[in-house]
1. Considering only residues that are surrounded by fewer than 21 Cβ atoms within 10 Å (Cβ to Cβ), of a type in the set (Val, Ile, Thr) and under 16 Å from Cys78 (Cα atoms), which ones fall in segment 104-152?
2. Show me the helices (runs of 4 or more DSSP H) found entirely inside segment 1-86 where at least 2 residues are at pLDDT 50 or above and aliphatic (A, V, I, L, M).
3. Restricting to segment 170-198, name every residue that is under 24 Å from the mean Cα position of the chain (by Cα) and among the aliphatic types (A, V, I, L, M).
4. Residues in segment 64-100 that are among the acidic types (Asp, Glu) and touching a helix residue (DSSP H, G or I) at 6+ places or on another chain (Cβ under 9 Å): how many?
Amino acid sequence: MKRSLGLGLLAAAALLAPRFASADDAAGGSPLRAEIVANMMDAGSKVEELAGAVPEKKYAWRPMKGVRSFGEVCLHVCQANYLIGMFAGATPPVAKEDLMKMDKMTADKAKIGQMLKDSYAFASKVISDTPDSDLDTMVDFFGNKMTKRSMFLVLAAHSHEHLGQAIAYSRSNGIVPPWTAREMEAAKKAAAEKKNGSGM
């Protein structure tokens with residue numbers, strides 16, 4: 001039920017993609033694909049880093065009954081990275097029947113961390129290797145017809161969506177995202193240097 005709902009929401013989000021996909025020609029071919037990968041990995045690298053920062057005992061934490069745990073959120077991201085690549089015509093290293101239940105595959109932190117890295121490497125390669133001439137090819141995504149370009153935009157948006165969810169989960173458990181912690185430390189250091197430089 002929960003898995004079907006999650007995939008259904010992903011498919012529903014995909015319906016919005018054609019509304020903004022038509023503006024892509026201004027970006028110019030290959031640069032567009034590079035920008036989509038960069039946008040996806042801006043969120044994806046943070047998801048990976050946060051997965052490393054959250055203690056393994058918190059991977060089973062969920063804000064309420066009936067929703068994904070932190071670990072399941074990470075696995076769902078892996079699932080989408082492979083599924084959308086598969087619908088775009090690539091062959092994932094996981095069988096489709098296993099992909100459909102990937103969000104329940106493991107609760108092991110180390111395995112999930114590696115799965116995130118592998119799935120983002122796969123998704124990035126799928127986008128990068130798709131010829132510009134193929135971006136307008138129509139594909140069927142859970143009954144929704146869209147271009148491959150639109151699917152890649154959905155994939156990038158999906159990572160941002162679940163990054164926000166993962167941050168909320170982490171904050172609820174008193175875990176500061178690593179990149180925020182670095183910014184806070186840098187600001188603290190700059191303030192101390194400024195204070196020392198002023199002779200106060």
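1. Thr106
2. On the way: elements: 2-14, 18-21, 30-53.
Those helices (runs of 4 or more DSSP H) span 2-14, 30-53.
3. We begin by selecting, within segment 170-198, every residue under 24 Å from the mean Cα position of the chain (by Cα); these are 170-183.
Within segment 170-198, Ile175, Val176, Ala181 meet the criteria.
4. Going residue by residue through segment 64-100, those that are among the acidic types (Asp, Glu) are 72, 97-98.
Now narrow it down to the ones that are touching a helix residue (DSSP H, G or I) at 6+ places or on another chain (Cβ under 9 Å): 72.
Going through segment 64-100 one residue at a time, the tally reaches 1.
The values are calculated or read from the model by the stated rules, or taken from the named source; none is laboratory data. Computed from a predicted model, the values in this text were never measured in an experiment. Methodologically, a virtual Cβ is constructed for each residue, glycine included, from the backbone with ideal geometry; neighbour enumeration extends over all protein chains shown.
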